[in-house]
Amino acid sequence: MAHTIKAVDIFSVGKWNGTTITEKDLDDIVDAFESTKEHAKPMLKLGHNDDQKMLADDGLPAAGWVSRVYRQGAKLKADFTDIPQKIYTLLEKKAYRKVSIELFSGVTFNGKKYPKLLSAVALLGADIPAVKNLDDILSLYTSFSKFGESDTI
């Protein structure tokens, strides 16, 4: 069974790691996602480490997928889909409460150049995110059972 989590804060307007992010930057990320999502869908991963040992042990290619990206005011939000049960259980137990995005800058894809392209969203446990004003992953839900879920075939 795979699971879905909707409307997670993933990025925000502000100055992060010395870079100023504007609403236009967020809109650029949304536009790039919409234009490339069929060919370059961002994945969920555990932390920023490229060696995803827990996922590799189970033979899972990702901790889930980003299925939708949109701006709401000064924040960038996303829906996550196809989250495996093992990862969903860790989220339920609040082992991963925060997120951090990974971006490509100045990428050309199918002949079009994108200033910022979302490549992944890292689920963070003990790591502290650079963007400090994002709500926890579960903040919109009064109970974990309100997350959507879907069967996989």
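Below is a table of values for the structure above.
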{"quantity": "Sequence-distant residues sharing a close amide H with R68 (under 5 Å, placed H)", "calculated": "D79"}
{"quantity": "Fraction in percent of alpha-carbon pairs per bin - 5 Å, region 1-132", "calculated": "2, 10, 20, 24, 20, 14, 7, 2, 0"}
{"quantity": "Solvent exposure ordering (accessible area, 1.4 Å, most first) of H3, H39, H48", "calculated": "H39, H48, H3"}
{"quantity": "Greater than 29 Å apart at Cα, pairs in K93/K116; K24/K86; K45/K113; K15/K93", "calculated": "K93/K116; K24/K86; K15/K93"}
{"quantity": "Rounded to whole Hz, the Karplus (6.51, -1.76, 1.60) HN-Hα couplings of region 21-30, x for glycine and proline", "calculated": "10, 10, 4, 4, 4, 5, 4, 4, 5, 4"}
{"quantity": "Other-chain or far-sequence residues with amide H under 5 Å of W16's (modelled H)", "calculated": "I21"}
{"quantity": "Computed FRET value (nearest 0.05) for D127 with E92, which takes r as the C-beta separation and R₀ as 22 Å", "calculated": "0.70"}
{"quantity": "Positive-end residue of I29, G73, Y96, charge dipole of region 1-132 with Cβ unit charges", "calculated": "G73"}
{"quantity": "Inter-label distance for K37 and K6, nm, one decimal - labels placed 7 Å from Cα along Cα-to-Cβ", "calculated": "1.3"}
{"quantity": "Amide H partners (placed H, <5 Å) of L103, local residues excluded", "calculated": "S119"}
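The values are calculated or read from the model by the stated rules, or taken from the named source; none is laboratory data. If you're wondering where the values come from, they're calculated on a predicted model, not measured in any experiment. We place every Cβ from the backbone using ideal geometry, glycine too, and count neighbours over all the protein chains shown. For the accessible areas, the whole protein counts, side chains as well, though only heavy atoms, and no ligand, DNA or RNA atoms are used. Shrake-Rupley method; radii C 1.70, N 1.55, O 1.52, S 1.80 Å.
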